[in-house]
Each structure stands twice: as C-alpha cells, then as structure tokens.
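The values are calculated or read from the model by the stated rules, or taken from the named source; none is laboratory data. Please read all numbers here as calculations on a predicted model, not as lab measurements. With ideal geometry, Cβ positions are generated from the backbone for all residues, glycine too; neighbour counts draw on all protein chains shown. Surface areas here come from the heavy atoms of the whole protein model, side chains and all, with no ligands, DNA or RNA. Shrake-Rupley method; radii C 1.70, N 1.55, O 1.52, S 1.80 Å.
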Amino acid sequence: MEKEGWEQEAIQLLTDLMEIRTVNGKDGEKQAAEYICQYLSSRGIKAFVQDIGEERGNVIALIPGEETGEGMIWNGHLDTVDYGELESWDTEPWTPVIENGCLFGRGASDMKSGLAAMVYVLGKLGETGKKPGNSIQFLGTCDEERGGAGARAVISGGHMMEGSVLLIGEPTGCTVGIAQKGCIWLELEVRGKTSHGAYPEEGCNAVICAYETAERLGSWIREHDHPVLGSATAQITEIQGGIQPNMTPDLCTVLMDIRTVPGLTYESIHSRLKTVFREISRKYGSIPSLVIRIKNHRISIEADKSSKGVSRLVKSMEAAGIRETYSGISYFTDASILAEGKEGLTTVLFGPGSADMAHKPNECVQIEKYLRAIQALTNLAAARIEDESNNKGYCQ
C-alpha cells in the first residue's frame, strides 16, 4: 500500500474512535472497547472486552513475538473529560474536524491519537502476519480520567502479563516521557473545642489548626524537586468548617491535592504530617485531634534513560525522523496503577498529542505527529529487547 493509502487509513481509524463518545461519567467506554476489539480481531489478533459493568469496559489483546521472554505492554485509555463550555469551542467537540493539518475534537490529544496509533500498528501486524520482536500486550482501559477503575480491573482480574516495558500513549508531543508525578488527595479532619466567639481563648479553633497544619505540611512538600518534573506541589482544594459567626469552630475538614516527585513517598508525608500536627497541638494543650483519610493515591514514575525500554524507544523514534527529546508530566496516568509494585518494569510515555491541549476547548492533534508516532511505534514493535547493538528491524 502506498504511503498516502496508509495515512488515510490511519486517520480514518482516529476519526472513528473520536466519533465514539466516551466522556467519563456520561457515556461509558464499552462501545469504544468493542470497536477496537472488532478492529483487531478482524485482523487476526486475539482480543476480548473485559466488561466491568455500567457500560464500561477494557479491551485486551495479545500479539505473540518472535522471541520468548518478557515483552512490552502498550496502554491507552478510552475515556475523555467533558467538553466544558460549548461556546468556547470553534467546532462541535464530539465531531472530529480537520483544519490546517490538525484534527480537532475532544480526545484528539488526550489521548485517542495515542490510542489509535497503537491500535493501528498492532492491526497492521495482524493483517500482514508479521510478528513483533517480542510479545506485545495491548490494554485499552476505561476510567483513567477519574478513579482508574479500568486499570484496577485489569490487575484484579489477573489480565496483565509479565513484561519488561510499559508504554503509555499519553500526549508527550512525540518526546520520551521518562517521569510522571504521583498524586495524593489527602483529607484532614481536625476536631477542636467550641467556645463563645468573644472568648476564643476558652476554645480551640479547628479551622485555624487545620489550615496551619495543611500549610506547614505543604511548605515542606514543596521543598522536594526533580530534574525533569520540577517541584512537588501541595495546595488546599476544599475546606469546610464553622458553626456560626459568634462561635469558635470545633470541626474542620481540609482536602489537599498533592503532586509528588520520585523520592517523596506517602510514608514520608504521613510521618511529617504527624510531626507537624503534634507541634500545633501542643499550643492548645493537646486539645485538637486529627483523622487522616486518603481519597486517592497514585505513585510517581521514573525511567532510567539508559534502560533498554527507553533506548529502544529512542532508536525507534530516530529511525522515524523524530529527534531524541525527553519530558515529564505533572498529572497521573494509569501507569501509577499498572506499574505499582513492579520494580523490574520500565515505564515510558510516548504519544503524538500535546499535553498543553489536554482538557481544553479546541483540543487538537497535529496529523503529521500522529503519523510519525505510528512510524515510531512500528519500529518499536519490530525491535527486540535482546538485540540492542544494531538497528535490525527498524525502518526509515
């Protein structure tokens, strides 16, 4: 097939996926999972849909490789965020539109372009009967934009194979994503002692205690940084407390959004939190008490540039005309679930979308980058983990 032919085919796959509405919390992702499953199955690839209820589902496929041993796991999520204010869009966000070399619509960057690139490459392997250098498992997961129910269902169902490389198709602008921040949503419930507003010294202000605890903890967290990801972040995103204007509040709940960098763990944060609250409590005669709840916990991820997984991706990119560039992302992905507890697994992120377009009006992806990503993934699929000394299997 001429290059123009495969380009058109690849773009059609992406537009088809974008036309399937998968807004998290509204549409469900099972239809998209079934579409991908049928697409791969019709090309001779063993695939199935893992139904997790409420019109949600994952699609899982396996392409056996030429070499035995641990292979690669390719992951992309099926869901998108909501459209936001429709007046802010120049086009209908649920209808893909091509203009000036870009494809516009919700999910174009985050991350149906990365998802479609993976599916297209694997479909071509099945269609031509070519085996990848090593086995590739594809995981199309639902609910990434919220709780990660899809990735958790893959793990709890025992569907994820043992692998040496986990590739996430998140928008990196065709750079090599070697690090991502973790996330902790930390809820602090502080109980104090009420009193008349005219006599605050007779009570213990739970709002002040909670706020001071969160701010002191946040200041300590923000001291941690990373050469690729920058500084860890921590902020109060919700606060509830107070009875009425003339009463000292005896209960306050604070929710913190914390984005961690490698080396900053929940355990170290929890230890620091207890120390900070103990110091604050002493000022009030140990009256206030603290209850800690974890609403979300995603680990941070970091890959070594010298690892086989990263070097294979770099060589595959270079053979497709993409220069070696590294990046990191501040938001969490399904990697924080799929890679947890798997110390021997190298996790890298690579996708044609642009992170600064994600979750915004007029979201788009450059078609040229989408096609280049397909070429790079084609090269990556052909490479072998055991053969890092030459470019056998790579194509220009």
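So here's what we get for this one:
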item: Test: residue in segment 301-313 that is part of a strand (DSSP E or B), within 21 Å of the chain's Cα centre (by Cα), of a type in the set (Asp, Glu) and on the phi < 0 side of the Ramachandran plot; result: yes
item: Gly197 vs. criteria modelled with pLDDT of 95 or more and touching a Leu at 6+ places or on another chain (Cβ under 8 Å); result: no
item: Matching residues, segment 122-169, being in contact with a Pro (Cβ under 9 Å, 6 or more places away or on another chain) and either under 30 Å from Lys360 (Cα atoms) or without any contact (Cβ under 8 Å) to a residue 60 or more places away in the chain (or both); result: Leu122, Gly169
item: Filter result for Ile208 (closer than 22 Å to Arg282 by Cα and modelled with pLDDT of 95 or more); result: yes
item: Total residues in segment 84-126, condition open to solvent by 30 Å² or more (accessible area, probe 1.4 Å) and either in a loop (DSSP other than H, G, I, E, B) or on the phi > 0 side of the Ramachandran plot (or both); result: 9
item: Every pair of residues 6+ apart whose Cβ atoms lie under 8 Å, when the first sits in segment 269-290 and is open to solvent by less than 50 Å² (accessible area, probe 1.4 Å) while the second is among the aromatic types (Phe, Trp, Tyr) and part of a helix (DSSP H, G or I); result: Val276/Trp220; Pro288/Phe277; Leu290/Phe277
item: Residue tally, condition outside any helix (DSSP H, G or I), under 24 Å from Thr128 (Cα atoms) and open to solvent by less than 10 Å² (accessible area, probe 1.4 Å), over segment 352-384; result: 1
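Residues checked against (1) at pLDDT 95 or above; (2) farther than 28 Å from Gly71 by Cα; (3) under 23 Å from the mean Cα position of the chain (by Cα); (4) basic (Lys, Arg):
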| residue | (1), (2), (3), (4) |
| --- | --- |
| Glu162 | no, no, yes, no |
| Val165 | yes, no, yes, no |
| Thr172 | yes, no, yes, no |
| Glu189 | yes, yes, no, no |
| Glu212 | yes, yes, no, no |
| Arg216 | yes, yes, no, yes |
| His224 | yes, yes, yes, no |
| Gly241 | yes, yes, no, no |
